[in-house]
Amino acid sequence: MSKLLNLSLKRFMIYAGLVLICSIPVYYFILNELWRHELDEHHIELTPAAGREDRYLIIVIVTSLTMLFFLLLIMGFVLINRRISRRLWQPFYNSLAKIKSFNLDQQQTVVFEETDINEFAELNQSLNKLIAGNIAVYNQQKEFADNASHELQTPLAIIQSKLDLLLQSKLLTDEQYELIEDANKALSRVARINKNLLLLTKIENSQFMDREIIDLSRLLESTLSLFSNFSDDKDLILETDIPPGITVEGNKILIEILLNNLITNAIRYTANKGTISITLSDKHLSVANSATEALQHDQLFKRFGTTTSSITRGTGLGLSLVKQICSRYEWKVAYEFQNMHHIFSVHF
């Protein structure tokens, strides 16, 4: 990308060069006609050799003088234009610096410097309105997320506890027990969906801004130990290549969520006695699990996207959270299906 000043100067230089090229033959033609007119008026006759010599001399002098004055003119114009433009555009660069330093999460007040240039004054006024509007929307969304987290989780927990009490009743028939068990499972899924949606909202609202150096090797090993019971229940073969000392910079809560979702996804969609392979390096993290068919690429990272025909269902938000977290840290998440394995990789 080019700066505005450089772009205008480039076009001016091209135009000046074309004018210079066209002016030389015009000057030569005019001076040659004047020279002949003077010779004819004073009845002066020159030999052909002397005439050619005079013409060559005229060309050299005209070309040299033209180039000299054009170069002086262009150099002077460039210097004056840069100096004037720097002063004229200084309010713009001041406003740009203010915007770059603005952090929506901190919500610090942005005060633009006053300027007597109408265009930049109007720009600053528009920016003030835009920033104020964004802060208001941010606060509303943050308040909604906090309220929803409190107001929805409480009744869901109450309903689930009531269903658990019903399940403990000895007067239930088998049919009633199955109905309550199905309702309990559906309610648990609703609670997870609610929790994940609120988490997505908080990530989008930049509510996890703090960063620290995280020992990813140790955190990954700890996460795998937490899910060992689930993998053992399905007799899964776990293959790991996790060298010690691999670190990343980020929010620990978000990194834990990313690892949890990738590992949970691999365990959930691996058949009994299948294989899960986890590889970590300083450049990427790879989680692969055995499978029979590829997932639908266009639905992978969409909210509530259906990626497989399997009856095993999650919340439909796990990979969306992975994508959102990777986007926050400018990491690249990718999926491929090779050798009958799903392979999810995160490139740092």
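Results for (1) modelled with pLDDT of 75 or more; (2) in a loop (DSSP other than H, G, I, E, B); (3) on the phi < 0 side of the Ramachandran plot; (4) among the β-branched types (Val, Ile, Thr), shown as yes or no for each residue.
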residue: Tyr28; (1), (2), (3), (4): no, no, yes, no
residue: Glu45; (1), (2), (3), (4): no, yes, yes, no
residue: Ala49; (1), (2), (3), (4): no, no, yes, no
residue: Glu53; (1), (2), (3), (4): no, no, yes, no
residue: Ser64; (1), (2), (3), (4): yes, no, yes, no
residue: Val78; (1), (2), (3), (4): yes, no, yes, yes
residue: Arg87; (1), (2), (3), (4): yes, no, yes, no
residue: Tyr93; (1), (2), (3), (4): yes, no, yes, no
residue: Leu96; (1), (2), (3), (4): yes, no, yes, no
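Exactly one residue out of Arg268, Arg189 is at pLDDT below 80, open to solvent by 30 Å² or more (accessible area, probe 1.4 Å) and basic (Lys, Arg), and it is Arg189. Of the residues making up region 269-300, those that are among the β-branched types (Val, Ile, Thr) and under 13 Å from Ser345 (Cα atoms) are Ile278, Thr279, Val287. Selection within region 276-285: residues that are without any contact (Cβ under 8 Å) to a residue 60 or more places away in the chain and open to solvent by 20 Å² or more (accessible area, probe 1.4 Å). The member of this set that is nearest to Leu319 (Cα to Cα) is Thr279. It is to be established whether one or more residues within region 209-217 are part of a helix (DSSP H, G or I) and modelled with pLDDT of 90 or more. Checked against the condition, which is being part of a helix (DSSP H, G or I) and modelled with pLDDT of 90 or more, region 209-217 yields at least one hit. Only one of the numbered conditions (1) free of Cβ contacts under 8 Å to residues at least 24 places away in the same chain; (2) open to solvent by 60 Å² or more (accessible area, probe 1.4 Å) is not met by Gln141, and that is (1). Of all residues assigned to region 125-137, at least one qualifies as being more than 22 Å from Leu198 (Cα to Cα), free of Cβ contacts under 8 Å to residues at least 24 places away in the same chain and surrounded by 13 or more Cβ atoms within 10 Å (Cβ to Cβ).
Looking across Leu163, Leu200, Leu238, Leu259, one residue alone is of a type outside the set (Val, Ile, Thr), surrounded by 12 or more Cβ atoms within 10 Å (Cβ to Cβ) and in a strand (DSSP E or B). It is Leu238. Filtering Leu18, Leu34, Leu7, Leu39 for residues that are at pLDDT 75 or above, farther than 30 Å from Ile203 by Cα and assigned to a helix (DSSP H, G or I) leaves a single hit, Leu18.
Exactly one residue out of Leu71, Leu79, Leu57 is open to solvent by 90 Å² or more (accessible area, probe 1.4 Å) and under 41 Å from the mean Cα position of the chain (by Cα), and it is Leu79.
Within region 219-259, restricting attention to residues that are under 22 Å from Tyr269 (Cβ atoms) and small (Gly, Ala, Ser), which residue is modelled with the highest pLDDT? By that ranking, first place goes to Ser225. Of the residues that make up region 109-130, is at least one closer than 27 Å to Asp210 by Cα and not hydrophobic (A, V, I, L, M, F, W, C)? Looking for residues that are closer than 27 Å to Asp210 by Cα and not hydrophobic (A, V, I, L, M, F, W, C), one finds at least one in region 109-130, hence yes. Does any residue of region 308-329 turn out to be crowded, with 19+ Cβ neighbours inside 10 Å, at pLDDT below 90 and within 13 Å of His342 (Cα to Cα)? No: zero hits.
The values are calculated or read from the model by the stated rules, or taken from the named source; none is laboratory data. The structure displayed is predicted, hence computed values, not measured ones. Reconstructed Cβ throughout: ideal geometry from the backbone, glycine too, with neighbour counts over all protein chains shown. Accessible surface areas use protein heavy atoms only, side chains included; no ligands, DNA or RNA. Shrake-Rupley method; radii C 1.70, N 1.55, O 1.52, S 1.80 Å.
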